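Structure first, commentary second.
Values in this text are rule-based calculations from the coordinates and carry no lab data. Here the structure is a predicted model, which means the values were calculated and not measured. Counting neighbours? That spans all protein chains shown, and the Cβs are built from the backbone with ideal geometry, glycine included.
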């Protein structure tokens, strides 16, 4: 039984309560008038009984008509690898919540679906929460549920502190830093990807597409620069968005025109973290290193807010849709804060994370775990990764190099690969990592794409003997995480940087072209992970500058594995790794022999 409990990625605390109610009362397309007179459309599902109940609100830009129990009967939960998996089905299991004594309210802000239009949506969620609390079927306690877009809305309204909002569970939230919905969390290193474009066909936004109009001032200058950007022009689907001047996918158009962070947006976010005082249970899964915003956002929200808080980091397979996972833990959280039940949820370590390679849950009091030791592995000759720093000896060594042609000429990704010796014992690595790279390029810019892998098991010994001169072909390997950095965004903010988390301003002002041929130092964050590299396995790092769509016409097989806008030029990359320029990988190693974490055993609740 214990092995089976650890065999799945979905977290289960073992908490549940038997259903209190059977069936539900349903009110669809209820019109809620907010402060400026605009009407929001919501669906209300509640227990078919007299009395008042706490309410759980799911509120997002996605079409509410796909969220309730009616549509759920048409599509059972789909695993992430199924053709009909669709990321937006995220409001949660209505029948589960209602049967356990909660009202489940699902709604859309203005400008989306059946809700009205016009004006600012800034206070829509706040006003809806207060409307719910005043209804005769509500006991005045309101929480929030739903993931991704529904998670982002929870943290946004928590900053406004509506009086009746008692707890939130924003799993898979968007970025914590404000510009363009969290530019730095969604586009780490300033490398743009196509995630928002790829999910655009699910949009329920109100739009009237007309002939492209005139832009003025700075917007016009930005648009002309975007139209002449050779990297954009290489991708017909991307250039099409630019050419239509915001008539098509306006949010993505804004990103293409102004692909930078803003210092004032960062400062505003930093000032507002203290306003999130609502108890918050956030998290994401290792799958989210692909589109980044959820995994980065969850960690940054958890790190910065002052509210009672918890963090859950789940496995590498995306959660099923319609969203049905984690509901026992969601119930445990809201039972504690909305119903006042003793669920034990605040008596445990604040962080729980799934360890890949070990396939087990672990706990910590902080993230990264406070006992993590920052450990360097150095890039070495013959594409090796070694624990000792290169010695001075004869001086600087010749660099390693690769040349990448653009996607308009090839789909072959060139790369350098550095591999460690087989590990002599198990090695637990948990947290963000960083590749400090000394490199030169022969153009003014490129994208560095770094891939961390777990390779093996491998009992080979490399010798001069025939058949032992190189790694065996066909060794198993598993991608663990990735990191990205646009070379022109190499500037660092030392005050905001931390081990494993270099802070690049990513602003237009801080961006600098790379002098061709100049050797520059790049700090490339590799997104957080937890992996047990087993004895006999190897750690591998790959350095590339291109990734490709997995379909044709700019499409991919999975919306949450987007590709990036890469260079339209052929670029020569040289990597230096000697005593003068010690390129190295920095890893947060958790010592197993002095481990203070507890293994998680599910707590049963009768």
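A few comments on the model shown:
- Computed over segment 110-169, the P(r) tail beyond 18 angstrom holds 38 percent of alpha carbon pairs.
- For the chain, the relative contact order comes to 17 percent (Cα pairs under 8 Å, sequence separation of at least 6).
- Stokes-Einstein D in µm²/s, Kirkwood radius over Cα pairs - segment 1-155 at 20 °C with 1.002 mPa s viscosity: 129 µm²/s
- Quotient of Cα Rg and 2.2 N^0.38 Å for segment 124-266, N being how many residues it contains: 1.28
- Rounded FRET efficiency, nearest 0.05, which uses the C-beta distance separating residue 324 from residue 519 and R0 of 41 Å: 0.20
- Förster-model FRET efficiency, 41 Å R0, residue 264 and residue 593, C-beta, rounded to 0.05: 0.30
- Shape class of segment 464-604 from the alpha-carbon gyration tensor: rounded, with the ratio a/c of largest to smallest axis under 1.5.
- Each Cα pair under 8 Å and six or more residues apart adds its sequence gap; the mean of these over the residue count of segment 454-606 is a relative contact order of 21 percent.
- Between residue 556 and residue 134, the simple label model (points 7 Å from Cα in the Cβ direction) yields a spacing of 4.4 nm.
- When both bridge partners sit in segment 1-145, DSSP labels roughly 55% of those beta bridges antiparallel.
- Segment 76-195: C-alpha gyration tensor shape, a/c 1.5 cut-off, then a/b vs b/c: oblate
- Scaled radius of gyration (Cα, divided by 2.2 N^0.38 Å) that segment 514-553 gives: 1.83
- All alpha carbon pair distances within segment 205-356 were sorted into 10 Å bins beginning at 0; the resulting P(r) in whole percents reads 9, 25, 25, 23, 14, 4, 0.
- Listed peptides 503-515, 102-114 by packing density, highest first (mean Cβ within 10 Å): 102-114, 503-515
- A simple spin-label model places pseudo-atoms 7 Å from Cα toward Cβ; at residue 210 and residue 30 they are separated by 3.7 nm.
- Histogram of C-alpha separations across segment 373-590, 5 Å bin width, %: 1, 7, 13, 18, 19, 18, 13, 7, 3, 1, 0, 0
- If you take the alpha carbon atoms of segment 43-90 and fit the smallest convex hull around them, that volume is 100 Å³ per residue.
- Protection-proxy order for peptides 565-571, 141-147, each taking the mean of Cβ atoms within 10 Å per residue, highest first: 141-147, 565-571
- Efficiency of FRET from Cβ geometry, residue 225 and residue 52, R₀ 60 Å, rounded to 0.05: 0.60
- Alpha carbon Rg of the chain, scaled by the compact-globule rule 2.2 N^0.38 Å: 1.00
- Multiplying the residue separation of residue 389 and residue 572 by 0.36 nm and removing their Cα-Cα distance gives an extension gain of 63.3 nm.
- Over segment 181-257, equivalent-ellipsoid semi-axes from the Cα gyration tensor in Å: 19, 17, 12
- Rounded if a/c under 1.5, otherwise prolate or oblate - segment 475-549, Cα gyration tensor axes: prolate
- Relative contact order (percent, whole number), segment 181-257, Cα cutoff 8 Å, 6+ residue spacing: 30 percent
- If you take the alpha carbon atoms of segment 337-478 and fit the smallest convex hull around them, that volume is 239 Å³ per residue.
- Full-extension gain in nm, residue 122 to residue 403, via 0.36 nm per residue minus C-alpha separation: 96.4 nm
- Averaged over residues, the count of other Cβ atoms within 10 Å places the peptides 88-100, 165-177, 202-214 in the sequence 165-177, 88-100, 202-214, highest first.
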